[in-house]
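Chemist: The following block contains the structure, expressed as structure tokens.
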Amino acid sequence: MGVAHALKTLAHKGALLQIHRLERPLMSQLIPANDLRQHITRIIAMTGSAPAEAAQVAENLVMANLSGHDSHGVGMVPRYVDAVLEGGLSPNTGVKVLLDTGPLLNLDGQRGYGQITGVQAMQMGIERAKQHGVCTVALSRSHHLGRIGHFAEMAVAQGLVSVHFVNVLSRPVVAPFGGGDGRFGTNPCCIGVPMGSRAPFVLDFATSRVAQGKMRVAHNKGEQVPPGYLIDEHGHPTTDPGVVVVPQSNGLFGALMTFGDHKGFGMAMACELLGGALTGGGTWHREADDKRAVLNSMLTMLIDPVRLGTQATFEQEALAFADWLRQSPDAPGSDGVKLAGEPERTARAEREQSGIWIDDATWAEIEAAEKKLQTRP
Ligand code: NAD
């Protein structure tokens with residue numbers, strides 16, 4: 001891509017403004033998705049993954065960037081590399097079936113790449129939901145599952161409804177409502193609903209006010225975040241994302257807040273109870289450690305509307321409701337009603353064309369991770 005074209009695209013996205021504000025040299029790069037996929041495939045292969053696994057992990061990460069969720073994209077690679085080097089992430093490891101009754105699946109992710117174990121769990125669950133009408137899949141002890149919407153997208157592509165509750169075993173970065181320090185993870189929730197011939201509803205969000213990875217991205221860019229996202233290491237409100245990225249003066253971290261006050265806290269706890277306790281993966285109830293592995297456990301419920309016998313009315317009512325929502329007049333200053341899943345599809349269409357913007361700090365971390373693998377004993 002020519003420099004002129006890259007600058008034009010950056011200006012179009014408002015990125016030049018950001019770079020001016022940061023007063024940093026223009027080292028950030030717009031990288032075509034395919035080049036990034038190849039580069040990341042090479043690094044994941046260096047962690048010991050077979051070629052097909054490396055390609056699948058890279059594809060998933062780049063898809064997160066394409067979807068606008070840089071927090072769950074290739075910026076995770078340094079963390080994955082550290083986790084492999086520490087022994088907390090096991091390349092070339094798939095799920096182990098602990099129970100399979102058809103409508104109930106219990107799978108151990110065995111610390112394999114979540115981009116592999118999550119897909120395996122969904123493939124098995126989708127097959128059984130088609131057969132039995134429902135399937136509940138308990139997937140425990142997987143390494144980081146990345147963007148949970150990826151799994152809902154697999155289900156809706158097969159005409160299935162899917163509901164996911166996920167917990168995170170890693171340094172606890174989110175404070176309970178009314179609490180003053182981090183006690184659990186960003187515990188994501190996701191609901192996928194097929195919408196007939198139209199694009200699906202894919203609601204996929206962290207129960208923290210924002211994803212932890214977005215704080216890493218903001219910190220790397222040198223940006224502040226809006227009030228209401230964070231408390232510092234003393235429990236006071238702050239706008240500095242660094243409080244959850246690097247240890248503070250007293251050696252402690254700050255914490256993210258949940259979305260929606262006590263309601264988001266309740267959802268986060270439901271993720272811990274269903275995604276963590278019910279799956280057998282475990283909940284977080286200990287002091288923070290500095291291990292780099294991120295373990296996710298996920299409870300997935302799949303429903304086949306065809307087998308339920310409501311397919312025709314389901315589709316009709318779902319589309320009628322979506323149309324009703326879209327008829328709402330634009331609120332002043334807003335760009336109108338969007339349905340969950342739409343922002344990701346718009347980002348994909350744009351970034352497939354423009355390339356993926358990787359900030360210089362993230363790129364330096366990826367290069368350092370690659371170097372660690374090249375020089376490991
Ligand atoms: P977010 O705050 O950007 O919310 C995303 C959701 O809101 C999407 O469903 C999107 O379609 C919808 N949305 C966004 N703007 C909208 C609008 N204007 N109108 C209607 N709907 C809109 O996402 P997040 O909470 O920062 O989470 C980002 C990603 O991080 C998710 O993919 C999540 O799965 C992932 N995550 C993963 C883990 C893990 O441990 N694996 C932990 C936390 C988060």
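Chemist: Calculate the dipole size of segment 192-334 relative to its Cα centre from +1 charges on Lys and Arg beta carbons and -1 charges on Asp and Glu beta carbons; express the result in debye to the nearest 20. The partial results should precede the final answer.
Modeler: Values: 11 positive and 15 negative charges, 47 e Å.
Charge dipole of segment 192-334: 220 debye, to the nearest 20.
Chemist: Rg and Dmax of segment 99-156, Cα atoms, in Å?
Modeler: Over segment 99-156's Cα set, Rg and Dmax evaluate to 10.8, 30 Å.
Chemist: For Trp357, what residues show an amide H to amide H distance below 5 Å, using hydrogens built from the backbone and excluding near sequence neighbours?
Modeler: Ile31
Chemist: Could you give me the ³J(HN,Hα) list for segment 102-119, computed from phi with Karplus coefficients 6.51, -1.76, 1.60 and θ = phi - 60°, whole Hz, x at Gly and Pro?
Modeler: x, x, 10, 10, 10, 10, 9, x, 6, 6, x, 3, x, 5, 9, 5, x, 5
Chemist: Right, another one. Carbon-plus-sulfur fraction of the accessible area of the chain, 1.4 Å probe, in percent?
Modeler: Working: 9960 of 17300 Å².
That fraction is 58 percent.
Chemist: Report, by chain and number, residues whose modeled amide H sits under 5 Å from the one on Phe259, excluding near sequence neighbours (fewer than 5 apart, same chain).
Modeler: Long-range HN contacts for Phe259: Ser208, Arg209.
Chemist: Each residue of segment 166-176 in turn: what ³J(HN,Hα) in whole Hz from Karplus with 6.51, -1.76, 1.60 and θ = phi - 60°, glycine and Pro shown as x?
Modeler: Once rounded to whole Hz, the list reads 10, 10, 10, 9, 5, 3, x, 10, 10, 8, x.
Chemist: Still on this structure, I have one more. Based on C-alpha coordinates, I'd like the Rg and Dmax of segment 136-239, in Å.
Modeler: When restricted to the Cα atoms of segment 136-239, Rg and Dmax are 16.2, 51 Å.
Chemist: Still on this structure, please answer the following. List, in order, the whole-Hz ³J(HN,Hα) value for each residue of segment 196-204 obtained from phi through the Karplus relation with A = 6.51, B = -1.76, C = 1.60 and θ = phi - 60°; use x for Gly and Pro.
Modeler: These are the phi-based 3J(HN,Hα) values: x, 7, 8, 5, x, 8, 10, 8, 8 Hz.
Chemist: For a quick size check, give me the Cα extents of segment 182-318 along its three principal axes, largest first, whole Å.
Modeler: Computed over the Cα atoms, the extents are 60, 34, 27 Å.
Chemist: So, taking all protein chains as they sit and a 1.4 Å probe, how much accessible area belongs to Asp335, in Å² rounded to tens?
Modeler: 120
Chemist: Hey, what does the equivalent ellipsoid look like for segment 27-178, semi-axes from the Cα gyration tensor as sqrt of 5 times each eigenvalue, largest first, whole Å? All intermediate terms of the calculation are to be shown ahead of the outcome.
Modeler: Values: eigenvalues 139, 63, 58 Å².
Semi-axis lengths for segment 27-178 are 26, 18, 17 Å.
Chemist: Taking the Cα centre as origin and putting +1 on Lys and Arg beta-carbons and -1 on Asp and Glu beta-carbons, what dipole magnitude results for segment 72-159, to the nearest 20 debye? Kindly include the intermediate steps, with their values, before the conclusion.
Modeler: Numbers: 7 positive and 6 negative charges, 13 e Å.
Roughly 60 debye for segment 72-159.
Chemist: Can you give the accessible area per residue of segment 166-265, in Å², using a 1.4 Å probe? All intermediate terms of the calculation are to be shown ahead of the outcome.
Modeler: Numbers: 4200 Å² over 100 residues.
For segment 166-265, the solvent-accessible area averages 42 Å² per residue.
Chemist: Treating only the Cβ of Lys, Arg, Asp and Glu as charged (+1, +1, -1, -1), what charge dipole size does segment 331-377 show about its Cα centre? Round to the nearest 20 debye.
Modeler: Numbers: 7 positive and 10 negative charges, 46 e Å.
The calculated dipole for segment 331-377 is roughly 220 debye.
Chemist: Taking amide H positions as placed 1.01 Å from N in the peptide plane, with prolines and chain starts having none, which residues 5 or more places from Leu145, or on another chain, fall under 5 Å of its amide H?
Modeler: Asn296
Chemist: Okay, next question. Taking the inverse of the average 1/r across all pairs of different Cα atoms in segment 254-377, what Kirkwood radius in Å do you get? Don't skip to the answer; put the middle values down first.
Modeler: Values: mean 1/r = 0.0488 Å⁻¹.
20.5 Å is the Kirkwood radius here.
Chemist: Okay, next question. Computed over the Cα atoms of segment 298-365, what is the convex hull's projected area averaged over all directions, in nm²? Please report the intermediate quantities before stating the final value.
Modeler: Values: hull surface 36.5 nm².
In nm², the orientation-averaged hull projection of segment 298-365 is 9.1.
Chemist: Which one, Ser142, Met63, Ala45, is farthest towards the positive end of the dipole of the chain when Lys and Arg carry +1 and Asp and Glu -1 on their Cβ?
Modeler: Ala45
Chemist: Also, I was wondering about something else. So how compact is the chain: Cα radius of gyration and Dmax in angstrom?
Modeler: 20.7, 62
Chemist: Below 8 Å, C-alpha to C-alpha, sequence gap of six or more: please give me the relative contact order for segment 217-282 in percent.
Modeler: Numbers: 76 pairs, mean separation 15.0, N = 66.
Rounded, it is 23 percent for segment 217-282.
Chemist: Lysine pairs in the chain with Cα distance under 26 Å, only those 8 or more apart or on different chains: how many are there?
Modeler: 18
The values are calculated or read from the model by the stated rules, or taken from the named source; none is laboratory data. Not measured: the values here are computed from a predicted model. Quick reminder, even Gly has a Cβ in these numbers, built from the backbone with ideal geometry, and neighbours come from all protein chains shown. Only protein heavy atoms, including side chains, enter the accessible area calculation; ligands, DNA and RNA are left aside. Shrake-Rupley method; radii C 1.70, N 1.55, O 1.52, S 1.80 Å.
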